[in-house]
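Participant: Quick one: structure below, then a few questions.
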Amino acid sequence: MADQGDGQKQAAILIADVAGYSALAEAREAETIAAVRDLGSRIIAPAAREHEGRVVKTVGDGFLLEFPSAVPAVKAAMAISSKAAACRNGPRGLSLRLRMGIHAGLVFPAGDDLLGNCVNIAARLQSLAAPGEICISGTVHEQVRGRVGAAFDDLGLQQVRNIAEPVRIYRITGNSLPALEPEGPSPEASVAVLPFSSASPASEHTEAMAQTLTEDITIGLSRFRALRVVSRNAAQRFAASGAGAPVVAAELGVRYLAEGSVRQLPGRLRITVTLSDGTSGLSLWSGRYDRDLSNDFAQQDVLAAQITQTLATQLQSISRQKSAALASKRGTLTARELVMQAKSVILDSRGRLKKCRTLYQQACDADFGNATAYSGLALTYLVEWMSGWAMSAELTLDKAFPLLRHAARIDPLDSVAQRRLAVMHLCKGNFALAEDHFQRALMLNPNDTDAMAFRGLSLIYQGRPEKALAELDQATAQNPFHPTYFHWFRGLALYMCRAYDPAVSEVSKAIELFPGFPAPHRHLAACYAQLGNRPAAARECGRILDLEPKFSVARIGKTLPFARAQDLEHYCDGLRQAGLPE
């Protein structure tokens, strides 16, 4: 820790805190405080001493550590993370998961404390880390690369408060290969984006586009918390490599590989993208995109976002199916396996909703610190409200709120939890709060097209269906493999615009895919009634009453959060004309 004069010195700063501490303390305060103290005395302090460092101070669940350089700081962080995960001293025998951030630079001693931008940046990195993760700055990465047993994911540039220049951030992923099972590597959604190639070597334009797409897609995929994405630097080693997919996947420690090429044609560019299974080498999905030959950066951004969203959708769908299949073969399931099974359940009936809720509840019971489990359990109540299956709409939403608040406390950087908080406020008619959470979700993950779609639904209920259609069009263009509800959201927007014929077409697409969900049938019945098609309206009424025997226009009218009375009346009028009971 070299002294630079005037009291300042060079050091590496590690800041750690316990993920979900507030939620844990709220449930079991004395037990949680004792567990954090034990963690500090038995794991953190000894690891700091072993790697030439010291614990500067502790504040609640937070720890500030100082090291002479970046290498011992990173080694200590990895040791602490590993030992903390193995130590089940938390409430109900759970392990406490730490979030850590490391930066190196000048620090200024102030009594028993350390001050300076180095400490501020380390604190910012810690706040960006997910539970169990270690985030380091680009400065630290340069100093430790090749000198510690770890791989790194490049998370791109982040703006840090009170720091003029953005800071490049890396996430430590470890260097061990995934454990092999009879079916192959773990089916988790781990992926490497291999460098896109230029199929027209003489063209500078295609080379630049290939590099841009590789970086943008890598960073875009890393915003999805359900995915583990290898850094661009790690994947760069396999540019133009002749190694087969199984070798590349094993070297990078991933299950899936994404690669592509850019070819210049007369007046346009052709981009091809392939997603393959790294174990078998089989192609799982491929796409082709043609774009005008131009230097329009906005066009490049749109293309990168569309490819990113498509890959994310495919990866999450495939990994859910594989994880559910593997988990079903085992006796006792982990919280993660229960979550993956729950995600594979299609919520198009009361029975499936109940099954999904049971799985998420079991995952919550197994791991109090699993943000995805609590967010998923809350989703079942949101779906129950949107379907009209809830006995009491208000009580159903009230059950969702504490679950989402708990999930957001555990992982404040999860865009899904923020999106679902937005939906919960939307269902209550709190549009300002909903918009605040939509903005947070899209800031955390600009490729979250589900947030865009639900934002469109919010605009419908606010009496702005034309703007809602624009939002839904953008979400649909960016995510060609979008969920079914995009269709019935769009159908409702068209209904509110009095465009009943195109609304029938949109809603029918949703019903064709999932006929057991009641809401699209309501929209379709209202559309047919407004068009004067009585036989079709009567047919839909019969289906609605089969799905919801106790349905009434009055009950649904009290539930839907239309901001304007005339919009609610327009919707309910269509239901009445269709012949549904008042």
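Participant: Do the conditions hold for Leu404, that is, is it closer than 27 Å to Leu24 by Cα, part of a helix (DSSP H, G or I) and open to solvent by less than 10 Å² (accessible area, probe 1.4 Å)?
Facilitator: Judged against the criteria, Leu404 is a match.
Participant: For segment 470-501, enumerate the residues that are hydrophobic (A, V, I, L, M, F, W, C), over 18 Å from Arg522 (Cβ atoms) and touching a Leu at 6+ places or on another chain (Cβ under 7 Å).
Facilitator: Result: no residue meets the conditions.
Participant: Report whether or not Val229 is touching a residue at least 40 places away in the same chain (Cβ under 8 Å) and among the β-branched types (Val, Ile, Thr).
Facilitator: yes
Participant: Of all residues being open to solvent by less than 30 Å² (accessible area, probe 1.4 Å) and in contact with a Leu (Cβ under 7 Å, 6 or more places away or on another chain) in segment 272-284, which is nearest to Ile307 (Cα to Cα)? Just the residue, please.
Facilitator: My answer is Leu275.
Participant: Taking only segment 234-245 into account, find how many residues are open to solvent by 70 Å² or more (accessible area, probe 1.4 Å) and either over 20 Å from Ile307 (Cβ atoms) or of a type in the set (Phe, Trp, Tyr) (or both).
Facilitator: The qualifying residues number 3.
Participant: When segment 192-207 is examined, which residues are found to be open to solvent by less than 50 Å² (accessible area, probe 1.4 Å) and either of a type in the set (Gly, Ala, Ser) or closer than 24 Å to Ala250 by Cα (or both)?
Facilitator: Ala192, Val193, Leu194, Pro195, Phe196, Ser198, Ala199, Ser200, Ser203
Participant: Which of the residues that make up segment 95-150 are assigned to a strand (DSSP E or B) and surrounded by fewer than 24 Cβ atoms within 10 Å (Cβ to Cβ)?
Facilitator: If the condition is that a residue be assigned to a strand (DSSP E or B) and surrounded by fewer than 24 Cβ atoms within 10 Å (Cβ to Cβ), then Gly105, Leu106, Phe108, Pro109, Ala110, Asp113, Leu114, Leu115 are the ones that fit.
Participant: Output the residue which, of all residues in segment 408-457 that are surrounded by fewer than 24 Cβ atoms within 10 Å (Cβ to Cβ) and of a type in the set (Lys, Arg), is modelled with the lowest pLDDT.
Facilitator: Of everything passing the filter in segment 408-457, Arg409 is modelled with the lowest pLDDT.
Participant: With touching a Gly at 6+ places or on another chain (Cβ under 9 Å), of a type in the set (D, E, K, R) and at negative phi as the only criterion, which of Arg455, Arg440, Arg490 stands out?
Facilitator: Arg490
The rows are residues; the columns are (1) at pLDDT 80 or above; (2) surrounded by 16 or more Cβ atoms within 10 Å (Cβ to Cβ); (3) not polar (S, T, N, Q).
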| position | (1), (2), (3) |
| --- | --- |
| Leu293 | no, no, yes |
| Ala304 | yes, yes, yes |
| Leu311 | yes, yes, yes |
| Ser328 | no, no, no |
| Gly331 | no, no, yes |
| Ala342 | yes, yes, yes |
| Ile346 | yes, no, yes |
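Participant: From Pro502, Pro520, Pro549, which residue is in contact with a helix residue (DSSP H, G or I) (Cβ under 8 Å, 6 or more places away or on another chain), open to solvent by 30 Å² or more (accessible area, probe 1.4 Å) and not hydroxyl-bearing (Ser, Thr, Tyr)?
Facilitator: Pro502
Participant: Looking only at segment 160-188, filter to residues that are part of a strand (DSSP E or B), among the charged types (D, E, K, R) and modelled with pLDDT of 50 or more; which one of those is least open to solvent (accessible area, probe 1.4 Å)?
Facilitator: Once the filter is applied, the top-ranked residue is Arg171.
Participant: Need pairs with beta-carbon distance below 8 Å; first residue in a helix (DSSP H, G or I) and within segment 559-582, second among the acidic types (Asp, Glu); sequence gap 6+ or separate chains.
Facilitator: If the second residue must be among the acidic types (Asp, Glu), the pairs left are Arg576/Glu582; Ala578/Glu540.
Participant: Out of all the residues in segment 246-271, which are open to solvent by less than 30 Å² (accessible area, probe 1.4 Å) and not hydroxyl-bearing (Ser, Thr, Tyr)?
Facilitator: Val248, Ala249, Leu252, Gly253, Val254, Arg255, Leu257, Ala258, Gly260, Val262, Leu269, Ile271
Participant: For segment 332-391, give me each residue that is under 20 Å from Met424 (Cβ atoms) and in a loop (DSSP other than H, G, I, E, B).
Facilitator: Leu347, Asn370, Gly388, Trp389, Ala390, Met391
Participant: Considering only segment 475-493, I want to know if a residue exists there that is open to solvent by 40 Å² or more (accessible area, probe 1.4 Å), part of a helix (DSSP H, G or I), more than 18 Å from Asp348 (Cα to Cα) and in contact with a His (Cβ under 9 Å, 6 or more places away or on another chain).
Facilitator: Yes: segment 475-493 contains one or more residues that are open to solvent by 40 Å² or more (accessible area, probe 1.4 Å), part of a helix (DSSP H, G or I), more than 18 Å from Asp348 (Cα to Cα) and in contact with a His (Cβ under 9 Å, 6 or more places away or on another chain).
The values are calculated or read from the model by the stated rules, or taken from the named source; none is laboratory data. Nothing here was measured: the structure is a model prediction, and the numbers come from that model. Virtual Cβ from ideal backbone geometry, glycine too; neighbours counted across all protein chains shown. Ligands, DNA and RNA are stripped out before the accessible areas are found, and what is left, the full protein with its side chains, is counted by its heavy atoms. Shrake-Rupley method; radii C 1.70, N 1.55, O 1.52, S 1.80 Å.
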